[in-house]
Amino acid sequence: VGEQVLLTCSFKSSSPITESLLVDWTYRPLAGGHMESVFHYQSIPHPTTSGKFKDRISWVGNVANGDASIAIQSPVLSDNGTFICSVKNPPDV
């Protein structure tokens, strides 16, 4: 609680990394409920503009190195849950 949290995500692709590469981070609360999109990357980072993580997620990845990691600022206990990183690099998924 209170310290920045790094959520790591690494990937490998048999296709060259292009501007078509997509990274999507989603979140589901520990108690269950609906999935919430918290971060999107395509050429540039697109943090969420609504929800509990608004203005608290930053891009720390480097897709050229197979890294799609993000960081959460000022985490609180209610942020506990499942975070899913999805990387698509057409035609690879």
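Observations on the model:
- For the chain, applying the loop criterion from DSSP together with a ceiling of 12 other beta carbons within 10 Å to the trypsin sites (Lys or Arg not before Pro) yields LYS12, LYS54.
- Note on exposure: TYR41, TYR27 ranked by accessible area (1.4 Å probe, complete protein assembly) read TYR41, TYR27, with the most exposed listed first.
- Within the chain, the GluC sites (Glu not before Pro) that combine a DSSP coil assignment with at most 13 other C-beta atoms in a 10 angstrom radius are GLU3, GLU19.
- A Gaussian network model of the chain, with springs between Cα atoms under 10 Å, assigns the largest mean-square fluctuation among VAL23, VAL60, VAL76 to VAL76.
- Fully extended contour minus Cα-Cα distance, from HIS46 to ASP92, at 0.36 nm per residue: 14.4 nm
- Set of region 53-93 residues, backbone N closer than 19 Å to the point 7 Å along the Cα-Cβ line of THR18: 63-66, 87-93
- Rounded to whole Hz, the Karplus (6.51, -1.76, 1.60) HN-Hα couplings of region 73-86, x for glycine and proline: 8, 6, x, 10, 4, 6, 7, 3, x, 9, 10, 10, 9, 10
- Rel. contact order, % - alpha carbon contacts under 8 angstrom, at least six apart, the chain: 42 percent
- Extension reserve of the LYS54-ASN80 stretch, reckoned as 0.36 nm per residue once the Cα distance is removed: 7.8 nm
- Rounded to whole Hz, the Karplus (6.51, -1.76, 1.60) HN-Hα couplings of region 60-69, x for glycine and proline: 10, x, 8, 4, 5, 9, x, 10, 10, 7
- Apportionment of accessible area to carbon and sulfur, the chain, percent (1.4 Å): 54 percent
The values are calculated or read from the model by the stated rules, or taken from the named source; none is laboratory data. None of these values were measured; they are calculated from a predicted model. Positions of Cβ are generated from backbone atoms using ideal geometry, with glycine treated the same way; all protein chains shown enter the neighbour counts. Remember, those area values only see protein heavy atoms, side chains included, never the ligands or the DNA or RNA. Shrake-Rupley method; radii C 1.70, N 1.55, O 1.52, S 1.80 Å.
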